[in-house]
Amino acid sequence: MRFDQTVTFWSRADRKYNPKTSQYEGEIKQVDKITANITDVGLTKSVQIYGNYAQRGWTIRLKRPVTANWSYLTIDDGKAKYRLQTGRQPIKATTLIVGEAD
């Protein structure tokens, strides 16, 4: 298994809503960056998890767990944001199944 892609984890925990400006204020900060093995979830699993096959999902395998709290992740510094759908912690690696965030 090749760990040839980079996954960056981001946190929105410091952002707060300001009712006076009707905007969220604060920083989105990077909490971790890890190399990973990434594969497509597949048609059957997409239907099981999301209820349809149009939703794009990825299986991400990491050599170590992410200990920080994170809101979303990006793959290879791309613009698409992905949220956690489910995760597993087997003996050797961490596995995340993620779907596109709104």
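The values are calculated or read from the model by the stated rules, or taken from the named source; none is laboratory data. What you see is a predicted model; the values in this text were computed from it and never measured. Don't worry about glycine lacking a Cβ; one is built from the backbone with ideal geometry, like all the others, and counts go over all protein chains shown.
Some points to look at:
- Leading residue by the ranking (modelled with the lowest pLDDT) among those in the stretch 1-21 that are exposed (fewer than 12 other Cβ atoms within 10 Å of the Cβ) and over 21 Å from residue 77 (Cα atoms): 1
- Search result, residues across the stretch 22-62 that are at pLDDT 90 or above and farther than 17 Å from residue 82 by Cβ: 22, 29
- Applying a threshold of 9 Å to beta carbon distances and a minimum spacing of six or more residues, or different chains, the list of pairs starting in the stretch 53-82 at a residue that is surrounded by fewer than 14 Cβ atoms within 10 Å (Cβ to Cβ) and ending at one that is assigned to a loop (DSSP other than H, G, I, E, B) and among the polar types (S, T, N, Q) reads 65/89.
- Complete set of residues in the stretch 6-46 that are closer than 20 Å to residue 66 by Cα and hydroxyl-bearing (Ser, Thr, Tyr): 6, 8, 11, 35, 39
- Residue 94 vs. criteria modelled with pLDDT of 95 or more and touching a Leu at 6+ places or on another chain (Cβ under 7 Å): no
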